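Following: one structure in structure tokens, then a few remarks.
We did not get these values from a lab; they are worked out from the coordinates using the rules stated. Small disclaimer: the values here were computed from a predicted structure and weren't measured. Methodologically, a virtual Cβ is constructed for each residue, glycine included, from the backbone with ideal geometry; neighbour enumeration extends over all protein chains shown.
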Amino acid sequence: MPRNRRELYNKEICACSIFGAMNKDGERFNAAGVMKAIANMHVRGNGLGGGFAAYGIYPQYRDYYAFHLMFNGKTLQSQISAKAEFEQYLNQRFDVVHDEEIPHRPQTQLRDPPLIWRYFVSPKKMGEDASLSDDEYVVRTVMQTNSRAEDAYIFSSGMNMGCFKGVGYPEEIGEYFMLDQLYSAYAWTAHGRFPTNTQAWWGGAHPFSLLDTSVVHNGEISSYGTNRWYLEMYGYACTLQTDTEVIAYAADLLLRRQRIPMEIVAKILAPPIWNAIDTMNEKEKKLFTTLRMVYGPLLMNGPFAIIIGQTGRLIGLTDRIRLRPITAATRGEMFYLSSEEASIRLISPELDSVWTPSGGEPVICELNSRRV
Amino acid sequence: MKSFVFPQFQIIRDEAKCGQCRGCERQCAFGTHTYDPVSDRLISDDNKCVGCQRCAIFCPRDAIVVRPNPSFYRPNASWSREKLEDVKKQAETGGVILTGCGNDKPFRIYWDHMVLNASQVTNPSIDPLREPMELRTFLGAKPDLMDFKVKNEEVEIATQLSPNLMVEMPIVFSAMSFGAISYNAFLSLATAASKLGTYFNTGEGGLPREMREKFGKHAIVQVASGRFGIDAEYLNCAAAVEIKVGQGAKPGIGGHLPGEKVSVSVSATRMIPVGTDAISPAPHHDIYSIEDLSMLIHAIKEATNYEKPVSVKIAAVHNFAAIAAGIVHAGADIIAIDGLRGGTGAAPKVIRDNVGIPIELAISSLDRRLRQDGIRNRCSIIAAGGIRCSADVIKAIALGADATYIGSAALIAMGCNLCQKCYTGKCNWGICTQDPRLAGRLNVDIASQRLVNLISAWSHEIQEMLGGMGINALESLRGNRDHLRGVGLYEWELDVLGIKGAGE
């Protein structure tokens, strides 16, 4: 019998800046403001990772899953062969209605950009897979690709949304992908990264996403090992060498697969302390006790502030003792979340309201109407 | 027959200090010290001394030193003193050598080869004196999925949960039966468990009726192969029921409480005649397969109206992880695993010292196995056997245990010095005896307070270590091997433990 290999994994440790903006009426805007805001937190990153998630950017392909692929490889030749290999697999499982290289500036200071391609696809479920939901089918495809394929990573897989990320400062990544010119979205999230180790690869940048759920994260998850084994039991392969990944998968498990309301999900990721639970009324006490009993392994421990993006909403959340705060603000139909208030003020000097949510209290902003 | 074995200990009495109070004579149930009125001196017989240190500690003038006998056989790496003497003892008696307490052989203690993590810079460490630091743990099966009903924006849980035990710290008193230990020792464990918000395990000797009302809700009652003291009330007064299949100190063999220890109250509690040997067969005679075990689990659940978690305790042996997975499928809510160094009141020495595997390796492989099978939620793991301090507890949690059982540590807190003579029934510390004169030495108030102090101290230490790792709830450490690193271990050992080497 082969011996179990050690469960060796590398958890990257990083500090970061995060930013999110959303128009509640669903009006779409380009990334210029968001890029300016995240650039204002330049010193919170060190140029080893930046990225964006954008919602509502592919209205013409809104009914197709948009796969963003990263083909790593030392040479263009090896990237192309990774792509060919992936496409063979993809074509077996999906109808590809359109694919293209993701446009980028040809001149760049960025180091070793991989080949980045996007595919708009529709599931072609066969045999045993026929009974799966489309979403589940896509999740399995993503997990299989990311854990088995060499040099091919699906880093974005939702409908009518997409992630853009790489090694560099976020404003450089934004310029590289021309986010201020080519895309307009009703919601953007952005991330600037300060990893403490030097190994930099494009897949390790934020956001992390699965289907339409994307996560940008500032902090370090000290419960990573626990979160990871729990999620692995449910088929989530943690392959991207970072702790943020587990938040994206936890969000997918709880929100999509188990259909738990976001308010409750927030109380799973950042539950109230037992002292508080013990003084609640019987009904709440039972609810929160049960949540902690059952979902204890998904408690995200350690300092974090996250912005979760999903179709139609942005969610801000901090750890339960608020070791990494987040600032929320509104102006008219605009809603903002940021590591620092100054970045919000930079692009919207006048604000209707600004607040710092308590630890573990989610801030949820939803579209006024889902028809975007 | 003249014994060719050296006395194990040498008693040195400082005659200048000794006041001939004869305290040592009264303290020693083995008859080591006798008073000689002619010379007005106390004479000590080294041959009778078991090294329990009762006389030395209680001597009002500190006149006694008990130390290992320096006499030696010619040193020989293969024929150690112990091996040589075991041969002599068996040549003299023709019997199986009995012993008590846990395996004392120098098997690698993995606890001492694992180091813990701490936060630096990127993740603030948390001060447990200023911030909440939560150790509360639930033991029992948890559902994979929860159903919620949302009514008028109020969320309600629709899933019916299995019963769970709530403990305020991940430490439970291990199975030590009334009969093996004295009534006072048993009562001290029960008292401490109820004060601490944790549980004590009754072992296989039943639960005295007068204790059921007050301490039942802090008791895990055992159903072992001897079926002593089991009736419906016994099962139903308890917080949980544990089926004892195996014990780390003596996997694969049964138990034997000699008739001398079956006093009136032991007999009433065990429901056997006074003075008869209480024999626990090696297997349960109604469990010859996993499906038999499943039937017993469900019979107990029926008998207790599905209100109590059912635990199954097994010894950690070679293929135990696969067996444990089967036990979870058979319906157990808790798996208690007892490792190589688990204690006992009496066991053949050859079994205690040679059968089973270390608990550290066992925890990790069991946790991994249950995760691979996708059934880790469906049971809790309690690790037992060789847990000596708070660091061992926290390392057990990081390897995947939900909680730990402590036996020897609890006895030591009450006064035990691990002299390994539990099977003689002459425990001078009043712990492992039914002799009323000896048992009366153990004051329940003091002993239970010492237990409470010990567990409180460990809890504080666990909180400090957790906070240092930047974790403020114990559930975030469970199975979190990232916080452990191995030092001085072979690759295969790191593989089994699932941890990196230090510096990796």
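Points to keep in mind about this one:
- Note on chain B: antiparallel DSSP beta bridges, both residues inside, total approximately 45 percent of the bridges counted.
- Highest average first, the peptides A:244-251, B:267-274, A:113-120 ordered by how many other beta carbon atoms sit within 10 Å of their residues are A:244-251, A:113-120, B:267-274.
- Cα-based reach from A:Lys283 at 15 Å (exclusive), listing aspartates and glutamates while leaving out same-chain residues under 8 positions away: B:Glu153, B:Glu154, B:Glu156
- Flagged links, alpha-carbon separation over 30 Å, of B:Lys105/B:Lys308; A:Lys74/A:Lys124; B:Lys244/B:Lys421; A:Lys267/B:Lys214: B:Lys105/B:Lys308; A:Lys74/A:Lys124; A:Lys267/B:Lys214
- Positive-end extreme of charge dipole, chain B - chosen from B:Ser280, B:Cys389, B:Gly331 (charges on Cβ): B:Ser280
- Sites matching GluC sites (Glu not before Pro) across region A:283-372 that sit in DSSP coil, with at most 14 neighbouring C-beta atoms within 10 Å: A:Glu333, A:Glu350
- For region B:233-322, applying the loop criterion from DSSP together with a ceiling of 14 other beta carbons within 10 Å to the GluC sites (Glu not before Pro) yields B:Glu307.
- Sites B:Phe72 and B:Tyr35 - FRET efficiency at Förster radius 30 Å, r taken between beta-carbons, to 0.05: 0.45
- Treating each Cα of chain B as an identical point scatterer and summing with the Debye formula, the log10 of I(q)/I(0) at q = 0.11, 0.12 Å⁻¹ comes to -0.98, -1.15.
- Unit charges at the beta carbon, dipole of chain B: most positive-side option, B:Gly23, B:Leu474, B:Gly140: B:Gly23
- Antiparallel bridges, percent of DSSP beta bridges restricted to the protein assembly as shown (to nearest 5): 75 percent
- Shape call, region B:7-94: gyration tensor on alpha carbons, a/c limit 1.5: prolate
- Fully extending the segment from B:His318 to B:Tyr490, taken as 0.36 nm per residue of separation minus the present Cα-Cα distance, adds 60.0 nm.
- For chain B, the Cys residues with no second cysteine's beta carbon closer than 4.7 Å are B:Cys18, B:Cys21, B:Cys28, B:Cys49, B:Cys59, B:Cys101, B:Cys237, B:Cys379, B:Cys389, B:Cys416.
- A simple spin-label model places the labels of B:Ile446 and A:Asp278 3.1 nm from each other, with each point 7 Å out along Cα-to-Cβ.
- Label sites at A:Asp112 and B:Leu418, each approximated as a point 7 angstrom past Cα along Cα to Cβ, lie 5.2 nm apart.
- Distance from the C-alpha centroid of region A:323-372 to that of region B:327-345: 51 Å, rounded to the whole angstrom.
- Around the Cα centre of region B:7-94, unit charges on the Cβ atoms of Lys, Arg, Asp and Glu (plus for the first two, minus for the last two) sum to a dipole of about 180 debye.
- For region B:256-354, chymotrypsin sites (Phe, Trp or Tyr not before Pro) meeting the loop criterion (DSSP other than H, G, I, E, B) and having at most 10 other Cβ atoms within 10 Å: B:Tyr288.
- Note on region B:373-431 and region B:200-216: Cα centroid distance 19 Å, given to the nearest whole angstrom.
- Peptide packing: for B:163-170, B:220-227, the average count of neighbouring Cβ atoms within 10 Å per residue gives the ranking B:220-227, B:163-170, highest mean first.
- C-alpha center-to-center spacing [region A:253-292, region B:222-284] in angstrom: 42 Å
- Computed over the Cα atoms of region A:166-324, the ratio of the radius of gyration to the Kirkwood radius (Rg/Rh) comes to 1.00.
- Counting only other chain Cβ atoms within 10 Å of each residue's Cβ, the peptide B:112-120 averages 1.
- Helix-only CD estimate at 222 nm, as mean residue ellipticity for chain B, using -39500 (n - 2.57) per DSSP H run (n ≥ 4): -9000 deg cm²/dmol
- Legend: distances between Cα atoms for B:Lys48/B:Lys426; B:Lys83/B:Lys250; B:Lys313/B:Lys349; A:Lys286/B:Lys313; pairs beyond 24 Å are A:Lys286/B:Lys313.
- Peptide B:373-382 is shielded by partner chain Cβ atoms: per residue, an average of 2 of them sit within 10 Å of its Cβ.
- Dimensionless Rg/Rh of the protein assembly as shown - Kirkwood Rh, Rg from C-alpha atoms: 1.06
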